[in-house]
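The values are calculated or read from the model by the stated rules, or taken from the named source; none is laboratory data. Note that this is a predicted model, so its numbers are computed, not measured. Using ideal geometry, Cβ is built from the backbone for each residue, glycine included, and neighbour counts are taken over all protein chains shown. What goes into the accessible areas is simple: the full protein's heavy atoms, side chains included, and nothing from ligands, DNA or RNA. Shrake-Rupley method; radii C 1.70, N 1.55, O 1.52, S 1.80 Å.
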Amino acid sequence: MASIIQVFVIVVLLVVGWLNFQEKTEALEKRIAALETEMKVMAPLSNVMKGYRPDRATPDGYQAVQATGAPNGVKPGADSALAWCPAQEDGGEEWLELGFETPVAASEIHIHASFNPGAVVRVPGAPEGGEWTELWAGEGSPDAMPTLAVSPARELQRLRLELETGKVPGWNEIDAVALIDCDGSRHWATAAKCSSVWSQ
(Lines give C-alpha, C1' and ligand atoms only; values in the text may rest on other atoms or scores of the structure.)
Protein backbone atom coordinates (compact mmCIF):
# COMPACT_ATOMS: atom_id res chain seq x y z
CA MET A 1 0.00 0.00 0.00
CA ALA A 2 2.81 2.39 0.92
CA SER A 3 4.53 1.80 -2.42
CA ILE A 4 1.32 2.61 -4.33
CA ILE A 5 0.98 5.89 -2.45
CA GLN A 6 4.62 6.73 -3.16
CA VAL A 7 4.16 6.03 -6.86
CA PHE A 8 0.98 8.14 -6.86
CA VAL A 9 2.80 11.04 -5.16
CA ILE A 10 5.66 10.81 -7.66
CA VAL A 11 3.23 10.81 -10.58
CA VAL A 12 1.37 13.82 -9.17
CA LEU A 13 4.66 15.71 -8.68
CA LEU A 14 5.73 14.88 -12.25
CA VAL A 15 2.42 16.07 -13.67
CA VAL A 16 2.52 19.31 -11.63
CA GLY A 17 6.13 19.87 -12.68
CA TRP A 18 5.31 19.27 -16.31
CA LEU A 19 2.32 21.64 -16.24
CA ASN A 20 4.47 24.31 -14.54
CA PHE A 21 7.23 23.83 -17.14
CA GLN A 22 4.72 24.01 -20.01
CA GLU A 23 3.20 27.21 -18.59
CA LYS A 24 6.62 28.87 -18.33
CA THR A 25 7.55 27.73 -21.85
CA GLU A 26 4.35 29.21 -23.29
CA ALA A 27 4.95 32.50 -21.44
CA LEU A 28 8.51 32.62 -22.80
CA GLU A 29 7.32 31.95 -26.35
CA LYS A 30 4.77 34.78 -26.07
CA ARG A 31 7.47 37.17 -24.82
CA ILE A 32 9.80 36.25 -27.69
CA ALA A 33 6.99 36.80 -30.22
CA ALA A 34 6.23 40.20 -28.66
CA LEU A 35 9.92 41.23 -28.85
CA GLU A 36 10.12 40.15 -32.51
CA THR A 37 7.08 42.31 -33.29
CA GLU A 38 8.62 45.29 -31.49
CA MET A 39 11.87 44.88 -33.45
CA LYS A 40 10.01 44.85 -36.78
CA VAL A 41 8.26 48.09 -35.84
CA MET A 42 11.31 49.85 -34.39
CA ALA A 43 13.75 49.09 -37.25
CA PRO A 44 12.02 51.18 -39.94
CA LEU A 45 11.19 53.90 -37.41
CA SER A 46 14.84 54.21 -36.35
CA ASN A 47 15.93 54.56 -39.98
CA VAL A 48 14.00 57.80 -40.37
CA MET A 49 14.96 59.32 -37.03
CA LYS A 50 17.13 62.43 -37.38
CA GLY A 51 20.70 61.65 -36.46
CA TYR A 52 20.34 57.90 -36.95
CA ARG A 53 23.76 56.29 -36.47
CA PRO A 54 23.71 52.51 -37.09
CA ASP A 55 27.45 51.81 -36.98
CA ARG A 56 29.15 52.58 -33.64
CA ALA A 57 31.36 49.55 -33.23
CA THR A 58 34.76 51.21 -32.82
CA PRO A 59 35.99 53.67 -30.17
CA ASP A 60 37.67 55.65 -32.98
CA GLY A 61 34.40 55.78 -34.91
CA TYR A 62 33.85 58.91 -37.01
CA GLN A 63 37.22 60.41 -35.87
CA ALA A 64 39.51 62.23 -38.33
CA VAL A 65 41.86 59.21 -38.30
CA GLN A 66 39.17 57.25 -40.17
CA ALA A 67 39.99 59.35 -43.27
CA THR A 68 43.59 58.05 -43.34
CA GLY A 69 44.74 55.03 -45.31
CA ALA A 70 42.94 53.35 -48.17
CA PRO A 71 39.12 53.14 -48.19
CA ASN A 72 37.76 50.68 -45.61
CA GLY A 73 35.30 49.15 -47.99
CA VAL A 74 32.57 51.48 -46.78
CA LYS A 75 29.62 51.11 -49.13
CA PRO A 76 28.94 54.43 -50.92
CA GLY A 77 25.73 55.98 -49.67
CA ALA A 78 25.89 54.23 -46.30
CA ASP A 79 26.65 55.72 -42.90
CA SER A 80 29.72 54.16 -41.28
CA ALA A 81 31.90 54.74 -38.23
CA LEU A 82 34.84 53.89 -40.49
CA ALA A 83 34.62 57.36 -42.07
CA TRP A 84 35.15 60.86 -40.63
CA CYS A 85 31.93 62.67 -39.72
CA PRO A 86 31.67 66.25 -38.37
CA ALA A 87 29.84 67.01 -35.15
CA GLN A 88 26.68 68.48 -36.62
CA GLU A 89 24.37 67.61 -39.45
CA ASP A 90 24.07 70.55 -41.88
CA GLY A 91 26.04 72.63 -39.35
CA GLY A 92 27.86 74.91 -41.80
CA GLU A 93 31.62 75.24 -42.27
CA GLU A 94 33.84 72.28 -41.34
CA TRP A 95 37.33 71.18 -42.36
CA LEU A 96 39.45 68.04 -42.54
CA GLU A 97 43.23 68.47 -42.70
CA LEU A 98 45.33 65.59 -43.99
CA GLY A 99 49.05 64.85 -43.91
CA PHE A 100 51.03 62.50 -46.18
CA GLU A 101 54.13 60.55 -45.18
CA THR A 102 56.33 61.90 -47.98
CA PRO A 103 56.02 64.77 -50.49
CA VAL A 104 53.97 63.87 -53.57
CA ALA A 105 54.25 65.52 -56.99
CA ALA A 106 50.47 65.54 -57.23
CA SER A 107 48.43 65.90 -60.40
CA GLU A 108 45.08 64.78 -58.93
CA ILE A 109 43.22 64.43 -55.65
CA HIS A 110 40.78 61.58 -55.08
CA ILE A 111 38.19 62.05 -52.32
CA HIS A 112 36.20 59.02 -51.14
CA ALA A 113 33.10 60.76 -49.77
CA SER A 114 31.18 57.74 -48.55
CA PHE A 115 27.99 59.40 -47.25
CA ASN A 116 26.15 62.44 -48.70
CA PRO A 117 29.01 63.63 -50.95
CA GLY A 118 29.25 67.12 -52.42
CA ALA A 119 29.91 69.23 -49.32
CA VAL A 120 33.60 69.90 -50.18
CA VAL A 121 33.77 73.41 -51.68
CA ARG A 122 37.46 74.31 -51.38
CA VAL A 123 40.78 72.41 -51.23
CA PRO A 124 44.02 74.21 -50.30
CA GLY A 125 47.29 72.27 -50.26
CA ALA A 126 50.86 72.85 -49.15
CA PRO A 127 54.30 71.27 -49.04
CA GLU A 128 55.54 70.35 -45.55
CA GLY A 129 56.22 73.64 -43.75
CA GLY A 130 55.13 75.67 -46.78
CA GLU A 131 52.32 78.13 -47.43
CA TRP A 132 48.79 77.02 -48.28
CA THR A 133 47.73 77.44 -51.91
CA GLU A 134 44.20 77.01 -53.21
CA LEU A 135 44.17 73.94 -55.46
CA TRP A 136 40.46 73.80 -56.18
CA ALA A 137 37.25 75.65 -55.35
CA GLY A 138 33.70 75.30 -56.59
CA GLU A 139 30.44 73.45 -56.21
CA GLY A 140 30.95 70.07 -54.59
CA SER A 141 30.47 67.00 -56.74
CA PRO A 142 27.61 64.61 -55.90
CA ASP A 143 29.93 61.80 -57.05
CA ALA A 144 30.97 59.58 -54.13
CA MET A 145 34.56 59.54 -55.45
CA PRO A 146 35.26 62.87 -57.15
CA THR A 147 38.61 63.48 -58.85
CA LEU A 148 40.04 67.00 -58.59
CA ALA A 149 42.77 68.02 -61.02
CA VAL A 150 45.88 69.77 -59.69
CA SER A 151 47.12 71.91 -62.56
CA PRO A 152 49.95 72.44 -62.84
CA ALA A 153 51.12 69.44 -60.82
CA ARG A 154 52.94 70.44 -57.65
CA GLU A 155 54.64 68.98 -54.61
CA LEU A 156 52.21 68.50 -51.75
CA GLN A 157 52.36 66.92 -48.31
CA ARG A 158 49.29 68.51 -46.73
CA LEU A 159 45.68 68.94 -47.84
CA ARG A 160 42.76 70.72 -46.27
CA LEU A 161 39.23 69.84 -47.35
CA GLU A 162 36.85 72.69 -46.55
CA LEU A 163 33.19 71.72 -46.38
CA GLU A 164 29.94 73.61 -46.39
CA THR A 165 27.78 70.95 -44.80
CA GLY A 166 24.56 72.92 -45.21
CA LYS A 167 24.83 72.54 -48.99
CA VAL A 168 24.22 68.79 -48.87
CA PRO A 169 21.45 67.64 -46.49
CA GLY A 170 22.35 64.91 -44.03
CA TRP A 171 25.61 63.82 -42.43
CA ASN A 172 28.65 64.30 -44.71
CA GLU A 173 31.24 61.55 -44.26
CA ILE A 174 34.70 61.06 -45.82
CA ASP A 175 36.33 57.64 -45.83
CA ALA A 176 39.69 58.31 -47.50
CA VAL A 177 41.71 60.84 -49.52
CA ALA A 178 44.55 60.15 -51.96
CA LEU A 179 47.08 62.24 -53.85
CA ILE A 180 47.76 60.88 -57.32
CA ASP A 181 51.26 61.49 -58.67
CA CYS A 182 52.26 61.99 -62.30
CA ASP A 183 52.81 58.24 -62.70
CA GLY A 184 49.27 57.48 -61.53
CA SER A 185 50.32 56.06 -58.15
CA ARG A 186 48.03 56.65 -55.19
CA HIS A 187 49.34 58.07 -51.93
CA TRP A 188 46.89 57.79 -49.02
CA ALA A 189 46.84 60.22 -46.11
CA THR A 190 48.71 59.05 -43.00
CA ALA A 191 47.65 61.76 -40.52
CA ALA A 192 44.49 63.78 -40.02
CA LYS A 193 42.85 66.40 -37.85
CA CYS A 194 39.50 68.12 -38.14
CA SER A 195 37.28 70.98 -37.05
CA SER A 196 34.91 68.69 -35.16
CA VAL A 197 33.81 65.08 -34.90
CA TRP A 198 30.49 63.41 -34.25
CA SER A 199 30.39 62.05 -30.73
CA GLN A 200 28.99 58.53 -30.29
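Here are some notes:
- Rolling a 1.4 angstrom probe over region 99-164 with all protein chains present gives an accessible area of which 48% lies on carbon and sulfur atoms.
- Taking the charge dipole of region 136-200 about its Cα centre, with +1 at Lys and Arg Cβ atoms and -1 at Asp and Glu Cβ atoms, the residue from 168, 153, 189 reaching farthest to the positive side is 189.
- Computed from the alpha carbon atoms alone, the convex hull of region 128-200 holds 133 Å³ per residue.
- For residue 107, the residues whose modelled amide H falls within less than 5 Å of its own, excluding neighbours fewer than 5 places apart on the same chain, are 180, 181, 182.
- When the residues 93, 29, 173 are ordered by accessible surface, computed with a 1.4 Å probe over the protein chains alone, the sequence from largest down reads 93, 29, 173.
- Accessible area, probe 1.4 Å, largest first, for residues 60, 181, 175: 60, 181, 175
- Fraction in percent of alpha-carbon pairs per bin - 5 Å, region 61-111: 4, 15, 24, 24, 18, 11, 4
- Counting only protein heavy atoms and a 1.4 Å probe, region 61-200 has 44 square angstrom of accessible area per residue.
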